[in-house]
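Step one of this worksheet: look at the structure below.
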Amino acid sequence: MRSKLISALTVIGAVTVLVLAANTVALAATGSSLLAGKKTTAGKVTTLKRTTSGTTFKVLTKSTANAPFAVNGKGRVTNLNADKVDGLDAAALQNRAVSYTLPAFPAGTQLQISLPGLPSGLWQGTFALVANGSDPVGCEFVTSDNKSYGLVFGVDSGSFSSANGTALVDIRGGKTVKLHCFSSSNFLFNTNSATPQVYFTRVDGVTTKAGLNITP
């Protein structure tokens with residue numbers, strides 16, 4: 001009986017050694033186990049698959065200012081769906097343009113036309129106008145905080161004046177903008193030769209250089 005017990009223990013021990021040896025070989029061939037705080041290497045791709053619905057992998061940092069992970073590859077990740085790019089969402093990254101067609105109506109010596117529908121931000125504003133009148137017509141963008149952008153006096157051609165201007169208009173903080181046109185004599189927009197148009201293109205995020213010294 002004793003000899004049979006010893007034989008059984010010997011067999012069990014041998015099997016255990018073989019299993020451990022097999023696991024050691026497997027680890028040596030494919031990589032080590034994933035351990036928190038430890039560096040893990042592997043010779044093959046590592047796949048983590050969840051068999052039920054829901055998030056497969058969740059990474060939390062001590063502070064929301066910390067990056068949850070880092071990579072050194074520059075290859076494209078197929079099907080990667082990112083919520084923001086450099087802190088901006090899709091709406092902020094769109095190159096949005098808004099256009100206004102102005103009607104033909106008498107303006108007198110000046111007029112201010114509200115330009116609604118522009119979200120808060122930086123906009124490149126452009127106007128192209130032809131007005132009937134005896135004197136040149138000047139136009140500009142004026143924001144609700146009484147700042148003027150892109151003042152242009154039109155070119156007088158006798159019976160009409162053409163004014164074309166562009167400016168970077170700041171309506172951040174909920175401000176609004178109007179087109180202000182004026183002249184020393186009565187004028188009206190001429191829609192027969194050219195339809196009065198005003199365009200705005202969103203330019204938030206564009207890098208600009210300020211403080212350049214220009215000398216002749």
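The values are calculated or read from the model by the stated rules, or taken from the named source; none is laboratory data. Quick caveat, the model's predicted, so the values are computed rather than measured. In case anyone asks, the SASA skips ligands and DNA or RNA and just uses the protein heavy atoms, side chains included. Shrake-Rupley method; radii C 1.70, N 1.55, O 1.52, S 1.80 Å.
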Just the number please: accessible area per residue for the stretch 44-83, 1.4 Å probe, all protein chains included, in Å². 114 Å²
Carbon and sulfur: what percent of the stretch 34-92's accessible surface (1.4 Å probe)? 53 percent
K175: which lysines have alpha carbons under 30 Å from its alpha carbon, excluding same-chain residues fewer than 8 sequence positions away? K84, K147, K209
